[in-house]
1. Using a Förster radius of 56 Å, what is the FRET efficiency between residue A:822 and residue A:110 based on their Cβ-Cβ separation? Nearest 0.05, please.
2. For each of A:27, A:792, count neighbouring Cβ atoms within 10 Å of the residue's Cβ, then give the residues from fewest to most.
3. Within a 10 angstrom radius of each residue's Cβ in B:32-44, how many Cβ atoms of other chains show up on average? Whole number is fine.
4. Going highest first, how would you order A:401-408, A:333-340 by mean Cβ packing within 10 Å?
5. Can you give the helix-only mean residue ellipticity at 222 nm for chain A, where every DSSP H stretch with n ≥ 4 adds -39500 (n - 2.57) and the sum goes over all residues, rounded to the nearest 500 deg cm²/dmol?
6. Students often check this: by mean Cβ neighbours within 10 Å, which of A:432-440, A:679-687 ranks highest, and how do the rest follow?
7. Mind running the shape call on the range A:451-570? Use the C-alpha gyration tensor, a ≥ b ≥ c as the square roots of the eigenvalues: rounded below 1.5 for a/c, prolate if a/b tops b/c, oblate otherwise.
8. Viscosity 1.306 mPa s, temperature 10 °C: Stokes-Einstein D of the range A:250-291 from its Kirkwood Cα radius, in µm² per second?
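None of the figures in this text is laboratory data; all of them are computed from the coordinates on show. Remember, it's a predicted structure, so these values are computed and weren't measured experimentally. For neighbour counting, all protein chains shown are included, and Cβ atoms are generated from backbone atoms with ideal geometry for every residue, glycine included.
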């Protein structure tokens, strides 16, 4: 993109956002505190901003310069006492630290914070960030910010940079997937009657022997040939007494474990099968007792062991101290133990793997100094920005190396784990990088490429729907993926849910999805796994594209900077219809481009997309590599309905999904934090950290808002300080309002139930009265193939196959629909869908069990033996069976409530509901696996 | 009938085979009841070794020294866990919280030695720790063995290898004061010479 064109676009953006020019042309901007956008638990005292708490507090200004020049930034402040840590000034990503000097007698004083070069044309964010995790008895007060340049009228304040409205979301399209990728088979290898396996390191000892370490410090072996679909896998304990192992690597006969404080080689000197020697290979860095100091790893390349170290968290909250060299990528010679620190500035790099070309990849977790999660392509001597108080890491430098791929928090990652590169046996995904997530769950997929020597790429949602979370991976030579999960802490219910071992097989089933994204000089080229349907994909409106930057701060997390919708100038489909080039004239380096595909883009064979999101990190735009802009053919299909829908209530739901869902359930299940079920309006027992007193509060809008803005202020009994991230420092005022509004609506039990069951993006609370035109049949005599195709997509979207089968394909928790539509059509068929309890076949009745413990279990009896009854309590997760010991049953009744949830059609538009009926009335046609689109996501 | 007996024998073989998969912690080295490699008290890098039923020796690995010897309360554990950090519980018999190092004496000159932990080995009768002690280009290897059962509690054995000619290895000061160093023939010693095993007992 030419500079001229870019400036034009930015001027348009700024015009829309409101640029306040100074009344008189001046070389400087003198900005009152009230012009600040302030986030977190800050307080206003008239026109003065007072900051006492660091965690989550951010103040900032967007400024803009017509031309590039040097500027000096100063603040007017008072502070009665010296602080034990420095404030951070982040100017367009460049950092300076400010030791706040006490001002005499509390008088106002001006402090010069630094000199920077301001880029022309872009809204530049100037952020002032207090020390994270610290609370001071007296506030630091701010009255104004002064940005002084050299050219009169060059600088202006940018206000009203509003986040763009985003389209309604469904799983895989703006929201986390909820189902397993159709081309993956998973076998849960957790022993039902054993304590949870918390897998911390994995490696193949031989082609069919898997070794893994556990959080408890044991090393197990698993003969993969002895694994069956039923029965306890034959785990064999082969070593013990390891200290918090977090990585395992095997090179020939040599076994290496990264433990809490050292890299260790396990040696069986006498060949008796027992490791009697634990050789300390390396411990050439300081350690403390901090719980969060781990060594994550590990991989071996060219006789070198590589692993990464995390920073401590306990001391950080007090004075920001880190033991020297924490947060490094470490290289150790496995023969002589020689240790090198090849990169620094990492926070919680919980996973290391070899990427394309045997490059080193690590992931890192959002938090202090990480506004979002990262997939990092490790470069020698690189610094990735996590800082503490001096002595700083020897590789620390003012400008950090960007990650290969930013992983936006809550959207595609929350705590990413080990990356692993897929082998040839994974077909179209060969060479792609998978990684897990310790809170977001599932598998995410990254496609990496090199642009003028810089590695970057895109991340895609890939699969959810597994029984536990994934932390470590290893591949067999045949391409079976073994995935281990772990949870910290003592909540054994939680640990059991998220820990374990799973075998994942790629089945080669063809699935329609965006496969890769490649940067061009003028946009992004998206490759699909199958050809698009003819005439589809040419409409720029079928791609909702946004872009933003990130700016790291010393407080937790961070917001999107310059978050805006991006113009798609054109969309060009390649001649084989497997690629679409999006012309993006506003694309700039240093930002993330998010492409949301319209759900209505089908493949040539009629398959709907499995997922429609991708996030591309633009580190380097190639100079002479333009994408192919083509004219659309005459026969392009024009959409009858808009590609995207923007519902007012959607914002809160998406915010919940992105920022809350990892820790707060909607269905009462215990996650990291309290459930939101029955939260609004309830009484909460909380304790005030400042007074130490416990008391009851009503969880009204004020309380919810307060908890978001200052999570530590009123802690719910049983939850520790600092457990909840200070998302108040990330969300805008409008976002907090939207989120609180959504949470308040959860006080409606029906709303909460539907949200919990499916959390659909769009709610249309259909009743039979809305379909008064539906008679004995919806379809006319002559069927409309297009309507049936749309109905088939609606059928899949409504997740009918989760419970029902069609001609033998699908689940058998409900009747085969081919049989059902022989009896019911039109209005009767619709009523059976909308009012499932109208008539329940004996086979599908729900039972209610009262157990001796007082617990009530409701669900469908799937099977029964002499000792136990196996009950599916959630038909949307039929694989999760609760086993009820018959001796524990005090009472059992058949429920008059159908196991089929009400409101399943609420995610569909009226046309979609009618098309769904037409599809069912028409047969429905058998759905065979080879052409089945994904079901639940 | 022979076929029936054969089936039973086959069944028993299968059962015993399955049991052979089950290895108890006592069958493997580094049973945490005896050897605990978690952090001890204030020391991130440390190891705790149980000698006999209720005596424990805790090592400060970076310093290559015994940090603490203690006796667990009667009938109780000598270590109390707080997460992955252990706390010594019982009667302290010896404690060294100093920063004193090993020293090399040569030609009337005494030099402090830097230490580097090399690892540990569990044998049937003893547990061995190894360090590298360095001063400039001099590198010596220190081995310390803790008999897992001992007639006299808190007994240790120690050996240095590759000691430069004409040199002697001196114990860190607190160890010198708190422990009796004896050569293999039972005579008292004040320093170590190359390749000989010495015994350390509390004074």
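1. 0.10
2. Neighbour counts put them in this order, fewest first: A:27, A:792.
3. 4
4. A:401-408, A:333-340
5. -3000 deg cm²/dmol
6. Highest to lowest by the protection proxy: A:432-440, A:679-687.
7. Details: a/c = 2.26, a/b = 1.38, b/c = 1.64.
In terms of gyration-tensor shape, oblate.
8. Approximately 138 µm²/s, per Stokes-Einstein.
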